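First up is the structure itself, then whatever we jot down about it.
The values are calculated or read from the model by the stated rules, or taken from the named source; none is laboratory data. Quantities reported herein were computed from a predicted structural model and do not represent experimental measurements. Cβ placement follows ideal geometry from the backbone for every residue including glycine, while neighbour counts extend to all protein chains displayed. With ligands, DNA and RNA removed, areas are computed over all heavy atoms of the protein, side chains included. Shrake-Rupley method; radii C 1.70, N 1.55, O 1.52, S 1.80 Å.
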Amino acid sequence: MKYIGMPMGMWVLFGKSFERNLCTDFGLDSETAKTVRKRAKSRYKEMIAGVPEFEKADRFRMNLVNCAMLCAFVLNMPERPDVGRLTEYYADSMMISPMKWFCRMSGKNKFTDKDISSLRATEKLRAADRNPYSWNM
């Protein structure tokens, strides 16, 4: 998968939040957090480069990109956190203002005819049959 496009956009949108929450959730100082972020970015690019391209209609590309971002930060932390703290860190890092707005807007369209037909199309796509990093519904 190419870094340009959604993966780069996700890094731009959430990278600073992931760095900031290293300080608030794990008590790292700002210099250590900046170092973790810098190392995480190169690790993130590496991970993304190793993933095959997703089909345009595949809805699960964003999940993989978000997982790669979280993993890149965790792999560069001074020590690995437990699952509870990591869950809180991820939630704090992802729920920034633009994401809250996006969730509100997409929530308004849930269970509409258009949403249901989109889910059915995703089910028929069966993208995981061609891409091991995707899922079938």
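Accessible surface for residue 12 stands near 110 Å², nearest 10, in the context of the full protein assembly shown (1.4 Å probe).
Max-minus-min Cα coordinates of the stretch 36-88 on each principal axis give 37, 24, 13 Å, with the largest extent listed first.
Placing unit charges on the Cβ atoms of the charged side chains and taking the dipole of the stretch 38-135 about its Cα centre, the candidate lying farthest along the positive direction among 109, 93, 122 is 109. Normalised per residue, the accessible area of the chain is 63 Å², obtained with a 1.4 Å probe and no contribution from ligands, DNA or RNA. The residue 88 and residue 135 beta-carbon pair, evaluated with R₀ = 22 Å, returns a calculated FRET efficiency of approximately 0.30.
Across the chain, the relative contact order, built from alpha-carbon pairs under 8 Å that are at least six residues apart, equals 30 percent.
Evaluated with a Cβ-only charge set (Lys, Arg +1; Asp, Glu -1), the chain carries a dipole of roughly 440 debye about its Cα centre, given to the nearest 20. Volume of the convex hull of the chain (Cα atoms only), normalised per residue: 120 Å³.
Using a 1.4 Å probe on the protein chains only, how many percent of the accessible area of the stretch 67-137 belongs to carbon and sulfur? Intermediate results must be reported in sequence, preceding the final value.
Numbers: 2980 of 4970 Å².
Result for the stretch 67-137: 60 percent of the exposed heavy-atom area is carbon or sulfur.
Within the accessible area of the stretch 1-51, what % is carbon and sulfur when the probe is 1.4 Å and the other protein chains stay in place?
Answer for the stretch 1-51: carbon and sulfur cover 56 percent of the accessible area.
With a 1.4 Å probe rolled over the protein heavy atoms of all chains, the accessible area of 135, 11 falls in the order 135, 11, largest first.
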